[in-house]
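Have a look at the structure below before the remarks.
The values are calculated or read from the model by the stated rules, or taken from the named source; none is laboratory data. Everything numeric here is computed off the predicted structure, so don't read it as measured data. Note that we place each Cβ from the backbone using ideal geometry, even for glycine, and neighbour counts take in every protein chain shown. When the accessible area is computed, the model is the full protein with side chains, heavy atoms only, and any ligands, DNA or RNA have been set aside. Shrake-Rupley method; radii C 1.70, N 1.55, O 1.52, S 1.80 Å.
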There are 2 protein chains.
Amino acid sequence: MSEKALIFGHKNPDTDSICSVLAYEALKKQLGENVEARRLGNLNKETEFVLNYFDVEAPKLLATVDPNAEGAENTERQKVILIDHNERIQSVDGLETAQITEVIDHHKFGEFSTFEPLMIRAEPVGCSSTILLTIYKENDLLPEKKMAGMMLSAIISDTLLFKSPTCTPRDVKAAEELAKIAGVDLEKYGMDMLIAGASFGDKSTKEIINMDMKEFEMGANKIAIAQVNTVNVAEILDQKEQYESTIQEQIESEGYDLFVFIITDILRSGSETIVLGKATDVFESAFDTKLDNNTAWLEGAVSRKKQFVPNLMEVSK
Amino acid sequence: MSEKALIFGHKNPDTDSICSVLAYEALKKQLGENVEARRLGNLNKETEFVLNYFDVEAPKLLATVDPNAEGAENTERQKVILIDHNERIQSVDGLETAQITEVIDHHKFGEFSTFEPLMIRAEPVGCSSTILLTIYKENDLLPEKKMAGMMLSAIISDTLLFKSPTCTPRDVKAAEELAKIAGVDLEKYGMDMLIAGASFGDKSTKEIINMDMKEFEMGANKIAIAQVNTVNVAEILDQKEQYESTIQEQIESEGYDLFVFIITDILRSGSETIVLGKATDVFESAFDTKLDNNTAWLEGAVSRKKQFVPNLMEVSK
């Protein structure tokens with residue numbers, strides 16, 4: 001058993017899955033534990049902005065924890081700490097060979113299994129970092145300035161600056177406290193960060209779709225739900241046909257029954273959706289809507305976790 | 001959605017699954033929440049001793065949470081809080097229809113799924129009540145005398161008065177603190193309680209086997225692991241043939257591939273085992289032992305959770 005525990009968030013890491021991992025690594029090291037923060041994929045624009053703003057280095061990429069896989073870093077059973085996810089399908093390759101010693105998460109649980117008892121802190125709050133701040137305090141500690149900046153950014157990102165229905169009063173309170181430690185103006189920094197994240201730069205349609213894509217098994221269906229936040233939905237819709245053909249390719253190569261591409265308008269608090277696959281009726285019934293040329297505008301729907309996933313689960317039972 | 005949340009432990013409730021449930025109900029009520037403690041089966045002798053000693057009423061039996069089942073108490077989706085377990089196979093009938101809002105547990109996780117984000121506090125300690133004491137303190141509260149007695153009893157029971165390898169320094173510390181509040185001599189009360197629980201009275205072999213029996217799916221095998229604690233192993237072995245035929249009946253009626261009956265000697269810190277089923281080779285390889293006439297003495301093995309289950313899981317991969 002390797003003694004060092006690796007801490008990481010989900011694949012296609014968002015700001016929470018990078019920044020909470022760094023903050024938990026810092027806390028664990030302060031407590032004298034042997035841990036290392038890692039990431040399961042490339043950084044998105046928003047996270048790049050955050051790391052650059054606070055001058056923090058990104059965690060190293062982790063490809064697999066399977067000791068028998070090509071490119072394996074470990075020779076024995078790897079200890080791992082999962083942040084911001086628990087479902088195997090969203091986690092590192094080879095997870096089934098690892099010892100999960102801790103989970104810190106704010107999502108639903110999906111077929112979660114371990115071989116041993118472990119530490120889990122899951123709470124229905126808006127962001128993993130809100131739970132982390134509680135754990136810091138339980139240890140009579142507070143994050144130092146840069147790590148407070150990491151945690152603040154994770155909360156802003158996950159709650160869309162408190163606009164998401166997943167946001168709880170605890171998230172707001174934590175963010176206010178962290179903004180003070182980080183020495184930033186919460187509203188101004190928050191908008192700058194979200195707009196930086198909402199710019200797609202010179203990304204291809206394929207890159208944009210895969211920026212924040214998660215897979216789910218619901219009933220008999222394998223469903224992909226990709227989400228982007230933007231201040232300019234039209235920019236995406238102008239290239240709708242290109243997006244459709246890219247989505248169609250992924251449906252065919254990955255065998256998805258349904259692909260939901262959510263384009264969330266962070267100023268209007270709603271989402272345009274592009275929906276393809278043989279199970280589009282599941283989507284239509286989940287949202288009581290009719291797709292018009294593969295698209296539907298969903299007023300007020302901005303949260304994959306609290307709105308899209310539960311609605312789709314409900315009709316997939 | 002029914003507003004009241006039901007709190008319960010696992011089927012075949014042991015002292016932890018009754019007493020921690022009562023203590024958590026008390027805490028939740030102090031916090032103004034609408035909850036009710038329930039139990040999923042009959043009390044064992046040890047738990048009867050505990051409730052009698054502290055003059056506490058047992059929770060009401062709960063048969064199912066499925067709104068469509070016969071004898072259903074709820075008409076809509078029931079909110080539930082799981083204590084001391086998380087695996088569906090050990091939980092209430094109809095769990096898949098319920099909304100799990102919280103889990104407090106100290107076991108491994110097994111195929112645990114929810115539809116929504118939830119609160120989970122899992123820690124690798126010896127007893128659920130040790131976690132509960134932490135939660136009490138986080139709320140700036142302490143259990144009152146009777147509830148301290150419940151929590152103390154749960155810890156003594158789960159750790160076999162600190163002799164089990166599952167026992168951690170936190171369990172010992174919590175028990176010492178709770179014994180003071182409960183106003184009992186820890187060692188004396190502990191031995192009285194364990195001996196009361198170890199007396200089988202006029203129970204049938206079938207009742208004894210089912211006092212604390214749990215089912216597991218490991219690899220392709222459906223495995224039953226029953227455990228009793230005793231100060232008199234010979235009393236059971238004298239009736240070995242009767243136990244074997246009872247176990248054989250349960251193997252046939254429930255389709256178990258392996259049935260492990262653990263008779264733990266609480267004074268000698270080891271267990272006699274009676275093992276039947278078509279997968280006895282799994283047991284032999286898990287414990288590097290040879291069954292002699294269906295039995296094996298396992299020196300130092302007293303914990304189903306920390307010794308029997310992980311060893312069997314390891315060879316079932």
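Here are a few things to note about the model shown:
- Screening the range B:70-126 for residues that are of a type in the set (S, T, N, Q) and over 14 Å from the mean Cα position of the chain (by Cα) and picking the one that is surrounded by the fewest Cβ atoms within 10 Å (Cβ to Cβ) gives B:T75.
- Flag for B:L62 being closer than 19 Å to B:M213 by Cβ and either open to solvent by 20 Å² or more (accessible area, probe 1.4 Å) or within 14 Å of chain A (Cβ to nearest Cβ) (or both): no
- Pairs with Cβ under 6 Å, 6+ apart, first in the range B:107-128 and more than 7 Å from every other protein chain (Cβ to nearest Cβ), second buried (at least 20 other Cβ atoms within 10 Å of the Cβ) and of a type in the set (D, E, K, R): B:V125/B:D171; B:G126/B:D158; B:G126/B:D171; B:C127/B:D16; B:C127/B:D158; B:C127/B:D171; B:S128/B:D16; B:S128/B:D84
- Qualifying positions in the range A:271-293 - in contact with a Leu (Cβ under 7 Å, 6 or more places away or on another chain) and within 16 Å of A:I209 (Cα to Cα): A:S271, A:E272, A:T273, A:V275, A:G277
- When the range B:249-259 is filtered for residues that are of a type in the set (D, E) and open to solvent by 30 Å² or more (accessible area, probe 1.4 Å), the ones remaining, listed by number, are B:E249, B:E252, B:E254.
- Matching entry among B:T168, B:T159 (being more than 18 Å from B:T264 (Cβ to Cβ) and in contact (Cβ under 8 Å) with a residue 12 or more places away in the chain): B:T168
- Of the residues making up the range A:132-154, those that are open to solvent by less than 10 Å² (accessible area, probe 1.4 Å), assigned to a helix (DSSP H, G or I) and in contact with a Gly (Cβ under 9 Å, 6 or more places away or on another chain) are A:A148, A:G149, A:L152, A:S153.
- For the range B:188-214, a tally of residues being of a type outside the set (S, T, N, Q) and either surrounded by fewer than 16 Cβ atoms within 10 Å (Cβ to Cβ) or over 27 Å from B:N86 (Cα atoms) (or both) returns 13.
- Selection status of A:I225, open to solvent by less than 60 Å² (accessible area, probe 1.4 Å), at pLDDT 95 or above and under 23 Å from A:T280 (Cβ atoms): yes
- Test: residue in the range A:180-203 that is farther than 21 Å from A:F54 by Cα and out of contact with any helix residue (DSSP H, G or I) (no Cβ under 7 Å at 6 or more places or on another chain): yes
- Condition met for A:E241 (among the charged types (D, E, K, R) and open to solvent by 60 Å² or more (accessible area, probe 1.4 Å)): yes
- Within the range B:199-317, strands (runs of 3 or more DSSP E) holding 1 or more residues that are charged (D, E, K, R) and in contact (Cβ under 8 Å) with a residue 60 or more places away in the chain: B:213-218
- B:V50 at pLDDT 95 or above, open to solvent by less than 10 Å² (accessible area, probe 1.4 Å) and touching a strand residue (DSSP E or B) at 6+ places or on another chain (Cβ under 7 Å): no
- Residues satisfying the stated conditions in the range B:161-178, i.e. surrounded by 22 or more Cβ atoms within 10 Å (Cβ to Cβ) and part of a helix (DSSP H, G or I): B:D171, B:A174, B:A175, B:L178
- Scanning the range A:260-317 for residues being within 14 Å of chain B (Cβ to nearest Cβ), within 23 Å of A:Q250 (Cα to Cα) and open to solvent by 60 Å² or more (accessible area, probe 1.4 Å) gives a total of 0.
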